[in-house]
Amino acid sequence: MNVRVVDFKTEYRVGKDPIDKVLVAPSGPAFEKTQTWHRIEKIRPPENADENMKASQSYAMMCARWDVVGPAYEAWRNGQEIPETGTPIDAWGGVTSDQAKALKAMGIKTVEAVRDMGDAAMRELRMPNARQLPRMAASWLETSDAAAKDAENAELKERIAAMEEMLTERQDAQKPKRGRPKKTETEDA
């Protein structure tokens, strides 16, 4: 699911139970424009869902969103730092360590967040080629995704070759031998 967790908060109301909320935004160019607060109780999939509900597309989408929000929510509730989803900015060679520090100070901690950075964030950055960073990040992510897929394909090809070899060996072992079968002791007597 292309959603990112931005923040959490608890709303306290007089005479009522507190409400936990999450601020989510879509990944991509609409990240800065489309950030919305949601009640945790409304986006968590119900535990008592029947089979018809579990088969629905809306339930599947709710589960996919919760797969992203749930771990971050648990970390926030336990007082831990919200885990980032994506490639840490320090793993990217597209920025210097000083530039990475400046990006982190703005709350941009992953290469995906650099890719999804909007115009307002680019204007805040006081570094050369700030406008080029999202394009550079997108290009780097595409090539790293392609390299990972190539490595996975190579591994799968090796496994298939090994399985074919095992299958051939098994088939050879099960082939009937030509000629007359050997006599056993019971046939001799």
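Listed by position, the helices (runs of 4 or more DSSP H) inside the range 97-148 whose residues that are on the phi < 0 side of the Ramachandran plot and buried (at least 18 other Cβ atoms within 10 Å of the Cβ) number at least 2 are 97-105, 111-115. The residues listed here are Ala148, Ala102; of these, the one that is under 29 Å from Val5 (Cα atoms) and at pLDDT below 75 is Ala148. Looking at Pro46, is it exposed (fewer than 12 other Cβ atoms within 10 Å of the Cβ), at pLDDT 85 or above and in contact with a helix residue (DSSP H, G or I) (Cβ under 9 Å, 6 or more places away or on another chain)? When the stated conditions are applied, Pro46 passes them. All of (1) within 25 Å of Val69 (Cβ to Cβ); (2) out of contact with any helix residue (DSSP H, G or I) (no Cβ under 7 Å at 6 or more places or on another chain) hold for Ala137 with one exception: (2).
In the condition set (1) surrounded by 12 or more Cβ atoms within 10 Å (Cβ to Cβ); (2) of a type in the set (Lys, Arg); (3) over 22 Å from Arg115 (Cβ atoms), Arg65 is compliant with all but (3).
The values are calculated or read from the model by the stated rules, or taken from the named source; none is laboratory data. All values reported here derive from a predicted model rather than from experimental measurement. No Cβ is skipped: glycine too gets one built from the backbone with ideal geometry, and neighbour counts run over all protein chains shown.
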